[in-house]
Amino acid sequence: MVLNVVKYGHPVLRKKGARIESVTSEIKHLIRDMFETMEAAHGVGLAAQQVGHALQLTVIDVRPSTERPSTLELDGKEADPNSFMPLVLINPEIKPIGDPIAGTEGCLSFPEIYTEIDRPGLVEVTATNEKGDRLHFRAGGLLGRAIQHEYDHLQGILFIDRMSKTAKAGFKEDLEALQTETKAELSQKHKPTKSKSSSK
């Protein structure tokens, strides 16, 4: 099922995700829905917070982005990133490696906003997947960037927090409009519905 992607201004985006102690049928169902949602939105990564769940869970699939290469190291050996997709990361821990490199980023919770973000070019990742398998690998290129972006989401950090002051200032009006729109939608949802009178 395609879920609603929450937008900037929704409080869940600022919540640190709770650890997942066991992969229940509900978690497996959420993972399936997250992949469907990400695919429908043409994204390469999606965190649980973006669909309203503050959990340490993200899904990633960089295969659709053929113009931005990725690198993968398994057991110290180069591997094909596509063979590792789609990727589920539960309770991930990351260790960024190397100097920051600028790269274009967008976010499904910030429609139409794209900017250059500096992130380390390589990241070492430890996590488990939906089968309970332990994962340990290094990723670079788009995969490394996507993992760092999604890991931030799991900590309640948004990519606007990584923008330069100049870039953020340039998006000031867009961000304020998006936040206002989201808050208006939330307030509408939480309004008590008035019962209709039977009298005419």
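A few comments on the model shown:
- For the stretch 37-57, filtering for residues that are of a type outside the set (Gly, Ala, Ser) and within 22 Å of Glu112 (Cβ to Cβ) leaves 9.
- Criterion: of a type in the set (A, V, I, L, M, F, W, C), under 24 Å from Lys16 (Cα atoms) and either in contact (Cβ under 8 Å) with a residue 40 or more places away in the chain or in contact with a strand residue (DSSP E or B) (Cβ under 6 Å, 6 or more places away or on another chain) (or both) - qualifying residue of Leu72, Leu108: Leu108
- Filtered residues of the stretch 119-143 (kept if under 25 Å from Glu21 (Cα atoms) and not in a strand (DSSP E or B)): Asn129, Glu130, Lys131, Gly132, Asp133
- Count of the stretch 1-51 residues, restricted to those that are in a strand (DSSP E or B), under 12 Å from the mean Cα position of the chain (by Cα) and surrounded by fewer than 19 Cβ atoms within 10 Å (Cβ to Cβ), is 0.
- Within the stretch 56-78, the set of residues being at pLDDT 95 or above and either crowded, with 20+ Cβ neighbours inside 10 Å or among the hydroxyl-bearing types (Ser, Thr, Tyr) (or both) comprises Gln56, Leu57, Thr58, Val59, Ile60, Asp61, Val62, Ser70, Thr71, Leu72.
- Restricting Glu93, Glu112, Glu116 to those that are touching a Ser or Thr at 6+ places or on another chain (Cβ under 9 Å), closer than 27 Å to Ala169 by Cβ, part of a strand (DSSP E or B) and among the acidic types (Asp, Glu) reduces the list to Glu116.
- Residues in the stretch 93-130 that are more than 17 Å from the chain's Cα centre (by Cα) and of a type in the set (Gly, Ala, Ser): Gly98, Ala102, Gly121.
The values are calculated or read from the model by the stated rules, or taken from the named source; none is laboratory data. The model shown is predicted, which means the values in this text are computed figures rather than measured ones. All Cβ positions, glycine included, derive from the backbone under ideal geometry; neighbour counts span all protein chains shown.
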